[in-house]
Protein chains: 6
Amino acid sequence: MASVLLAVFVNGKICKDPNMISVDDFFFPGHTCDQLPRLNTLGISLVRIDYAPYGLNPPHTHPRATEVLVVVEGTLYVGFVTSNPADPNVKNKIFTKTLYPGDVFVFPEGLIHFQFNVGKTNAVVFAGLSSQNTGVITIANAVFRSDQPINLDVLTKAFQVDANIIKYLQAQFWWNID
Amino acid sequence: MASVLLAVFVNGKICKDPNMISVDDFFFPGHTCDQLPRLNTLGISLVRIDYAPYGLNPPHTHPRATEVLVVVEGTLYVGFVTSNPADPNVKNKIFTKTLYPGDVFVFPEGLIHFQFNVGKTNAVVFAGLSSQNTGVITIANAVFRSDQPINLDVLTKAFQVDANIIKYLQAQFWWNID
Amino acid sequence: MASVLLAVFVNGKICKDPNMISVDDFFFPGHTCDQLPRLNTLGISLVRIDYAPYGLNPPHTHPRATEVLVVVEGTLYVGFVTSNPADPNVKNKIFTKTLYPGDVFVFPEGLIHFQFNVGKTNAVVFAGLSSQNTGVITIANAVFRSDQPINLDVLTKAFQVDANIIKYLQAQFWWNID
Amino acid sequence: MASVLLAVFVNGKICKDPNMISVDDFFFPGHTCDQLPRLNTLGISLVRIDYAPYGLNPPHTHPRATEVLVVVEGTLYVGFVTSNPADPNVKNKIFTKTLYPGDVFVFPEGLIHFQFNVGKTNAVVFAGLSSQNTGVITIANAVFRSDQPINLDVLTKAFQVDANIIKYLQAQFWWNID
Amino acid sequence: MASVLLAVFVNGKICKDPNMISVDDFFFPGHTCDQLPRLNTLGISLVRIDYAPYGLNPPHTHPRATEVLVVVEGTLYVGFVTSNPADPNVKNKIFTKTLYPGDVFVFPEGLIHFQFNVGKTNAVVFAGLSSQNTGVITIANAVFRSDQPINLDVLTKAFQVDANIIKYLQAQFWWNID
Amino acid sequence: MASVLLAVFVNGKICKDPNMISVDDFFFPGHTCDQLPRLNTLGISLVRIDYAPYGLNPPHTHPRATEVLVVVEGTLYVGFVTSNPADPNVKNKIFTKTLYPGDVFVFPEGLIHFQFNVGKTNAVVFAGLSSQNTGVITIANAVFRSDQPINLDVLTKAFQVDANIIKYLQAQFWWNID
């Protein structure tokens, strides 16, 4: 999966000397991939994500943002899982949908979600996020591939499998897809 | 100018009975133009705007949102004007830029701004706005074409032209472009 | 029109060493006209505006504040125009009122509004604004008298008049009334 | 002390059907004393207070608002006391000032403050408060004259005086000056 | 009364270089009494308070926080007084309760409240406060024992007692209990 | 692991008729386990969690709250994992600590964290959370045990293991520990 982020961390409340501001403080040419530290209190981000055929944006959360996504090209299978229900006998619910160009989908703040290009061609989306500092937590990386591993007893109890399974999951190649 | 709004007024903090929510509460098929009143505290909007050749989104403000715009197709000339400087001897500044596909531009909250398709083909943008209730004020409509006209003395003094000019401006055809 | 601003940009959450604060950090003698940069997160401003007979505070917006105004002396004709209705076939509405001493009026955040002294004597108001950094955008200045003019095609299309009218509007004397 | 409150509890984000709103939803004639429940999310209040000669607005707090006050007529002695210092060996500080017409003073959110007309004539102020629901707690009323008295042991320990003094303070005539 | 504050002024939005953060930025060993200035935007505080038998946390307010308290050991008599009612003929209400281990009580933001250990043994509570910068104003200290006394006329009028009573109250030993 | 939640969802801004409020609107007797729907905008929760020996609160997030935890009894091994670093070649960091009675630890909003009773006796903590509606997402439940399983291709790609491992993880007994 190829991923190009136009992660715009800009700020509508300007702290620079107004006489020193130029139009380029508000402009970001195509395929900018860096954060833009000059301006920082906008309260919104806009990103473009490109998916190769069968490319996956794996289960992840944004700890500080809701995401609204529109498909521009391709066919995406998307979904999210709700937080724990109040009733301890009820499972977390999953919501999934196959999206086509023009379709819009919402991922509520902090919930685990994913997008999967199920078409044979590239897919392209634009997504707005309700913070200039959204954060991303890729679940597989945070749980099984942190710089030091999470305690083995914690993970065997949490996932209810034996230590060999956990070690096998921890041994897979680490990749940071975005 | 053709304008299609995918104005997503949705809410990450769900007030419906969780057992009654379906995936379609988070999904909006392509070319949806209506507000979606079921969900209302998301804190973000995402819109698509289509511009015919030489189509104009005329000077307007969003009283409650900053806007981040990315060009998907076409060539757009965009700009905004700053608020009054603290120094009464200094004029409001204008910032303008010609944008191409992939370029991103920011319009800070409440400032007067415009987009103009300066190419011979359609232009398409996606814009994220930092509120689910942004508001739009088209300046020409609000100043010269409200349901009852603004007092003639107010407008002649404000624009420093005689009453005939104001009346001529008020007599133009009213159009609400979005 | 004479305008005296007691623009109090002060901050209730004190960042100075508490041992260094004196009562004068909270006090602003009469007819102070400057911003007070020492303190900056109060969340409120208070201004006094004086109007000569037939003085006008021309159509303007505050991009980040609602305004509540009380008349102390004189007779003021005031008004504001709503933002664009959801229904594209409906015009923006205007609300106006003639105010006498003791009357209070509210101008919601970001909407275009004006005050006009319609009496033969001076008028005086106090206005509270819901931000310590309200901003002011005088519509005529921002649209027709920015430091570089807005593109002529943009303005002729927006106001639906020919270029001579726009140039005439742009040629009027620039004045920053507050 | 005579006190006239123009307590404007109005709301810039209108929940009424926009077709049903009239200008009187934004207008409050002179000497209005009631709350205005129709509109309620403005984020600001504006009040007028009139003080008879030697009239006192006794020590009180606003639990949810900073106050900015401007003197229109008369001579006011005002003050506030800071919250407890971090150093337990340091006393709370008092800040006081005598104000004349045109002077502005700030009372930070939640701090105990007072205004005292020290002139022989009436005094008039306008005050902006950073909430539409500021609350007022008159210290003498809340501590010594609640509907049921605060436990005597609590008050004798808190004020370090014997029970007779507390009972004497509790026995004074209750008055709600606002 | 012995009072141990674990006043955690920490910040979830880390401003330090992420490579320089260690686990001790999130850890505070038992009986820490100091503010922790490294991190400061958490939006919450957690405190432990220990009360000797018949120990009193005297009437005070937190100008910027609601408090939720749970009793771990002992028996506490607690209460708060409401802000002034809208009806000027109605007194402030008091709400009191005797709490036992496991009981939870809420003190709304800015209201005057107290806790009193009415048992023969120590009492221990944990309290969460909805700000990392809550502030504390001990009423007796702020009103009668500020560094310079509040004007005598102000206090005699406010409490409706003669100057000797006020001077007696001001003469008591100053103590800052937390 | 036994877990008793005193989840206090109460509200300092009272919407009930003030004459109808009683002290029990602010009081919650010990071992209350239900949500308290009468009051709902407090902005803070306080919970007690009891851990059996070797009891685990498995990796989970709170999508809308930072958590501050104090240990009252027992020995807890706690930790959290940071969100994805900006540098795609750097792994998520883990922070862990063994806590004893009196120790305080902070889990920043939205990050994956856990607590594990590593002692032979029960452990008890109190935790303050910076929202009255924090949400809980148990990672193992949300990823492997939602009401309908997440698509197998999504999970095999995300965790980089074959389908049999994913099916084995999905087949474990579902348990909602809080």
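Among chain D residues, the beta-carbon with the smallest distance to the axis carrying D onto C is reported, with distance in whole Å, as D:G128, 1.
Only protein heavy atoms count here, probed at 1.4 Å, and on that basis chains F and A bury about 5300 Å² of accessible area in total. A 1.4 Å probe run over the protein chains yields, for region F:64-178, 33 Å² of accessible area per residue, whole-number rounding.
In this rough spin-label picture, where each label sits 7 Å from Cα along the Cβ direction, the E:Y168-E:Q148 distance is 2.8 nm.
Region C:99-158: percent of C-alpha pairs farther apart than 16 Å? Of all Cα-Cα distances in region C:99-158, 63 percent exceed 16 Å. Taking the label point 7 Å along Cα→Cβ, D:Y54 and its counterparts in the other copies are spaced 4.3, 5.0, 8.1, 8.1, 9.3 nm apart, in ascending order.
Across identical copies of the chain, B:P88 has label-point separations of 4.0, 4.3, 5.5, 5.5, 6.9 nm, listed in ascending order, with the point defined 7 angstrom from Cα along Cα→Cβ. Comment: the Cα-to-Cβ extended label point of C:D24, at 7 Å, lies 4.4, 4.4, 5.1, 5.9, 6.9 nm from its counterparts in the other copies, nearest first. Annotation: amide H-H contacts under 5 Å for D:I112 (H modelled 1.01 Å from N, sequence separation of 5 or more, or interchain): D:V81.
Here's how it looks for E:V71: its modeled amide H is under 5 Å from those of E:G102, E:D103, which are all 5 or more places away or on a different chain.
The phi-based Karplus calculation (6.51 cos²θ - 1.76 cosθ + 1.60; θ = phi - 60°) puts the 3J(HN,Hα) values of region E:72-82 at 9, 9, x, 10, 10, 9, 10, x, 8, 10, 6 Hz, whole numbers, x for Gly and Pro. From the alpha carbon centroid of region B:74-116 to that of region B:141-163 is 25 Å. Put simply, the amide H of A:N84, placed in the peptide plane, has neighbours under 5 Å in F:V136, F:I137, F:T138, leaving out anything fewer than 5 places away on its chain. The string of couplings for region F:118-128 from the Karplus curve (6.51, -1.76, 1.60, θ = phi - 60°) is 9, x, 8, 10, 4, 10, 9, 10, 10, 9, x Hz, one whole number per residue in order, with x for Gly and Pro.
Residue pairs exceeding 30 angstrom between C-alpha atoms, taken from A:K93/F:K157; A:K167/F:K97; B:K93/B:K157; A:K93/E:K97; C:K120/C:K167; B:K167/C:K120: A:K93/E:K97; C:K120/C:K167. Across region B:155-172, rounded Karplus estimates of 3J(HN,Hα) from the backbone phi angles (6.51 cos²θ - 1.76 cosθ + 1.60, θ = phi - 60°) give 6, 5, 5, 5, 9, 6, 10, 7, 4, 5, 5, 4, 4, 5, 5, 5, 7, 5 Hz, Gly and Pro being marked x. Debye sum, Cα scatterers, region D:77-178, no solvent: what log₁₀ I/I(0) at q = 0.10, 0.14, 0.19, 0.21 1/Å? For region D:77-178 at q = 0.10, 0.14, 0.19, 0.21 Å⁻¹, log10 I(q)/I(0) is -0.41, -0.79, -1.20, -1.26.
The values are calculated or read from the model by the stated rules, or taken from the named source; none is laboratory data. A quick note: this is a predicted structure, and the numbers were derived from the prediction, not measured. Cβ coordinates were reconstructed from backbone atoms using ideal geometry, including for glycine residues, and neighbour counts include every protein chain displayed. Accessible surface is based on the protein model in full, side chains and every heavy atom, while ligands, DNA and RNA are left aside. Shrake-Rupley method; radii C 1.70, N 1.55, O 1.52, S 1.80 Å.
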